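The values are calculated or read from the model by the stated rules, or taken from the named source; none is laboratory data. Please read these numbers as outputs of a predicted model, since none were measured by experiment. Quick reminder, even Gly has a Cβ in these numbers, built from the backbone with ideal geometry, and neighbours come from all protein chains shown. To get the accessible areas, we keep the full protein, side chains included, count just its heavy atoms, and leave off ligands, DNA and RNA. Shrake-Rupley method; radii C 1.70, N 1.55, O 1.52, S 1.80 Å.
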Amino acid sequence: MNTTTAWTSLRLRHLRAFVFSRRIIPLFKGTLAYIIVLVLISSPRFDALTAWPVNFQNAIIPTLVAGTGQSIGACAQGSLLVLLGVAVGSLNFAILASLAKWTIVQGIVFAFSVYWLSYFKAGDERLFIVFLTGILMGFDGVIISKNNNNQFLPKFLLADSASYLFGLAVAILVNVLVFPTTSEKELREML
């Protein structure tokens, strides 16, 4: 038997063992949540929910980082971090959009916010979600205020926050309704 054929056969056996094991559940749950969000935000009927339908592309981020494929407790922890990130990002958005008339000051404040968010993220890797959401929403505040005659648009901030919360809702629902798992086994092994 050829070495390439043997290698391919071995890889196929490993793939089959993975697909028919419990290890496929996190991958399945994450993929399902991602597909649900992509289908919904691509739907023309979904555009009527907000004046800025392009904002719904942000719903993908919480779906990926909230821990959809993990246990319910880990997803709850990731969800709380996403909520904290949306709160920090909303504050960042409001401050930066309000400073739109003063471009230099806006740039300095944005650099300062990136520095402090990355400083806290460096202390704890779990805060990556807060860092990512805070920076992305702050950047949205800069771009949107520049594109709208240097004005702060509270309705855009609301739509931006709603898109993150929509993605978070999909992640939580998929985690709880599709093959819900707990960390009971891991906790028993640790004790």
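Annotations for the structure displayed:
- Relative contact order (percent, whole number), segment 24-69, Cα cutoff 8 Å, 6+ residue spacing: 62
- By accessible area with a 1.4 Å probe, ligands and nucleic acids excluded, highest first: order of 160, 124: 124, 160
- Take every pair of alpha-carbon atoms less than 8 Å apart whose residues are at least six positions apart; their mean separation over the length of the chain yields a relative contact order of 32 percent.
- Alpha-carbon centroids, segment 139-177 and segment 102-130: separation in whole Å: 18
- Rounded to 10°, Cα long-axis angle of helix 3-19 versus longest principal axis of the chain: 70
- Cβ-based charge dipole, the chain, positive-most Cα from 148, 27, 105: 27
- Folded to 0 to 90 degrees: helix 103-123 orientation relative to the chain principal axis, Cα: 30
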